[in-house]
1. For the range 141-156, what are the residues that are within 20 Å of residue 50 (Cα to Cα) and free of Cβ contacts under 8 Å to residues at least 60 places away in the same chain?
2. Just to be sure I understand the filter: pairs with C-beta atoms under 7 Å, separated by 6 or more residues or on different chains, first member in the range 84-100 and on the phi > 0 side of the Ramachandran plot, second member in a loop (DSSP other than H, G, I, E, B) and surrounded by fewer than 23 Cβ atoms within 10 Å (Cβ to Cβ). Which pairs pass?
3. Exactly one of (1) modelled with pLDDT under 95; (2) within 14 Å of residue 61 (Cβ to Cβ) is unmet by residue 87. Its number?
4. For the range 66-93, give me the residue count where each residue is over 25 Å from residue 150 (Cβ atoms) and assigned to a helix (DSSP H, G or I).
5. Only residues that are touching a helix residue (DSSP H, G or I) at 6+ places or on another chain (Cβ under 8 Å) and either in a strand (DSSP E or B) or of a type in the set (Ser, Thr, Tyr) (or both): list them for the range 118-156, please.
6. List the residue pairs whose Cβ atoms are under 6 Å apart, where the first residue sits in the range 30-48 and is at positive phi and surrounded by 10 or more Cβ atoms within 10 Å (Cβ to Cβ), the second is of a type in the set (A, V, I, L, M, F, W, C) and at pLDDT below 95, and the two are 6 or more positions apart or on different chains.
7. Could you please let me know if residue 143 is under 14 Å from residue 47 (Cβ atoms) and among the hydroxyl-bearing types (Ser, Thr, Tyr)?
8. List pairs: first in the range 60-81 and within 10 Å of residue 42 (Cα to Cα), second among the aromatic types (Phe, Trp, Tyr) and surrounded by 21 or more Cβ atoms within 10 Å (Cβ to Cβ), Cβ under 6 Å, 6+ apart or cross-chain?
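The values are calculated or read from the model by the stated rules, or taken from the named source; none is laboratory data. Small disclaimer: the values here were computed from a predicted structure and weren't measured. Heads up, the Cβs are rebuilt from the backbone with ideal geometry, glycines too, and the neighbour counts pull from every protein chain shown.
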Amino acid sequence: MIKRLSPESVGRTGLIPAEPEAQAAVSAAVPDDVPAAPSRPRRCLLVDDSRVMRKVAQRIISGLGYEVTEAENGEEALARCKVTMPDLILLDWEMPVMTGVQFVAALRRIDGGVTPKVVFCTSKSATPDIFQGIGAGADEYITKPFDEKTLVAKLQGIGAA
């Protein structure tokens, strides 16, 4: 027989019983040697038409524990996102085929596209450009050339480092 729990007998999350006796029973029912479910590695997509910039960013990002993939333009990046949505996207602004602004606007419209943190990495440094990039859907903005310390600080600011 299955006993239904009342809302009063369930904790705030609805998953753990609220009474200490019931919590102890749940804890005792789970063996200590049960391994935790493996977490997937964090994924980052580097989008830049410059191979050199992708290499520099790849070294920094992989050092933070990300699994890194690359794309040379916004169209290629969007196709990759539709297959596997990354957790973080470092994005150039000026690229052939599809610009960074066009990419991030398109990304935010697709299923799951609001999830990744997007950081523009560009030589555009004027205040209107920064507002345009953030307005298009980016979470942060860094100007090229950048160093590891600066990029990591920006990523920490958005909870991605």
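1. As a first pass, look at the range 141-156 and keep what is within 20 Å of residue 50 (Cα to Cα): 141-148, 150-151.
Once the filter is applied, which keeps residues that are within 20 Å of residue 50 (Cα to Cα) and free of Cβ contacts under 8 Å to residues at least 60 places away in the same chain, the range 141-156 yields 141, 142, 143, 145, 146, 147, 150.
2. From the range 84-100, the pairs are 97/73.
3. Here residue 87 meets the rest and fails (1).
4. Kept after step one, since they are over 25 Å from residue 150 (Cβ atoms), are these residues of the range 66-93: 75-76, 78-85.
Still in the list and also assigned to a helix (DSSP H, G or I): 75-76, 78-83.
Number of matching residues: 8.
5. Across the range 118-156, the qualifying residues are 118, 119, 120, 121, 122, 140, 141, 142.
6. Matching pairs, first to second residue: none at all.
7. no
8. That search, which allows pairs on different chains as well, returns nothing.
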